[in-house]
1. If you check SER206 against the conditions, is it closer than 22 Å to ALA20 by Cα, open to solvent by 30 Å² or more (accessible area, probe 1.4 Å), of a type in the set (Ser, Thr, Tyr) and not in a loop (DSSP other than H, G, I, E, B)?
2. Go through segment 126-142 and count every residue that is under 20 Å from VAL64 (Cα atoms) and touching a residue at least 40 places away in the same chain (Cβ under 8 Å).
3. Taking segment 139-159 only, how many residues are at pLDDT 95 or above and open to solvent by 20 Å² or more (accessible area, probe 1.4 Å)?
4. Collect the residues in segment 218-240 that are over 26 Å from VAL24 (Cα atoms) and either surrounded by fewer than 20 Cβ atoms within 10 Å (Cβ to Cβ) or among the basic types (Lys, Arg) (or both), keeping them in residue-number order.
5. Counting only residues that are in contact (Cβ under 8 Å) with a residue 40 or more places away in the chain and over 22 Å from the mean Cα position of the chain (by Cα), which one in segment 43-60 is surrounded by the fewest Cβ atoms within 10 Å (Cβ to Cβ)?
6. Output the residue which, of all residues in segment 9-39 that are hydroxyl-bearing (Ser, Thr, Tyr) and assigned to a helix (DSSP H, G or I), is most open to solvent (accessible area, probe 1.4 Å).
7. Could you grab the pairs with beta carbons closer than 7 Å, sequence gap of 6+ or different chains, first residue in segment 14-42 and touching a residue at least 24 places away in the same chain (Cβ under 8 Å) and farther than 16 Å from LYS57 by Cα, second one open to solvent by 40 Å² or more (accessible area, probe 1.4 Å) and part of a helix (DSSP H, G or I)?
Amino acid sequence: MKGQEMFEMYKAYYGVPDYADKFVKAALKGQDETKRVSVPMDFLGKEEIFRNECAKKGSAYWSVWMYVIREMEDAVADCNIGCQFCNDAPVHAWDEALAFYAGSLEGESGDVSGKLLYRLAEKRCKNYKTCEGGISRVNTNILKKFKEGRQKLDQGKCKEIEPIKKEIINLMSIPLIQGTLRYAYKIGRGGGSPKEKAEGVAFLGSIIPRLDSCSPQDAEIALQHMWIDGDMKATEDGYQTVKEAFERN
């Protein structure tokens, strides 16, 4: 993934290329990861439910999210070099990106037992009332873009894939922002259980490098309020403060 824009952004923010692996392992082991990362991952002494939720959500929304992008980048790279017969041929890599986005539990037409990014978008559309025709607007648009991208790859129109890829990445980011704000509200207005606080941490961590690339100041505000040892009472209305930090970007 070296040299790929989104990966390099996240690597620069966390200070290491295997930031997601370090986060998940620190959560599972109940240990602190502070020396090799730019953002401390302090799990020593944290409740088991807090650590479990961070590990589960980190695996899906940090690792798999980035791997979907990696597969799309592979498709674009293969197309640009005219690789039609190699193992990671353009269309094959593009299809794998969609497979990782959906996950095997979704089946052919979607299933509530799904655990990955497709199912996340379905959950958040119900929270934010952005479902259309029984499916989230995000997923409708992502599936449309994946189909469009596949057609472009079939036709060898490599230059036309790049904007489609970027659009998919932006669409994939919407449920991560929605999740961050949902749990900012739960924690800020309702106190927040350890499980809810952990979900807030995982969602924020999945999107904060993008926020930081727009405004390091606003990213620091979100971190101060919602990170592992953050405090939503750092300002009078922590939820509103975090919400405005995102809205400014």
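The values are calculated or read from the model by the stated rules, or taken from the named source; none is laboratory data. In this text the structure is predicted, and so the values were computed from the model without any measurement. When we count neighbours, we look across all protein chains shown, and the Cβ atoms used for this are built from the backbone with ideal geometry, even at glycine. Keep in mind that these areas ignore ligands, DNA and RNA; they rest on the heavy atoms of the full protein, side chains included. Shrake-Rupley method; radii C 1.70, N 1.55, O 1.52, S 1.80 Å.
1. No: the conditions fail for SER206.
2. Qualifying residue count, segment 126-142: 1.
3. Of the residues in that region, 7 qualify.
4. Within segment 218-240, LYS233, ALA234, THR235, GLU236, ASP237, GLN240 qualify.
5. Looking at residues that are in contact (Cβ under 8 Å) with a residue 40 or more places away in the chain and over 22 Å from the mean Cα position of the chain (by Cα), I get GLU47.
6. For segment 9-39, the residue satisfying everything is TYR13.
7. Final answer for the pair search is none.
Residues checked against (1) of a type in the set (Phe, Trp, Tyr); (2) in contact with a Pro (Cβ under 9 Å, 6 or more places away or on another chain):
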| position | (1), (2) |
| --- | --- |
| ASP95 | no, no |
| ALA99 | no, no |
| GLY103 | no, no |
| GLU108 | no, no |
| SER113 | no, no |
| TYR118 | yes, no |
| CYS125 | no, yes |
| GLU132 | no, no |
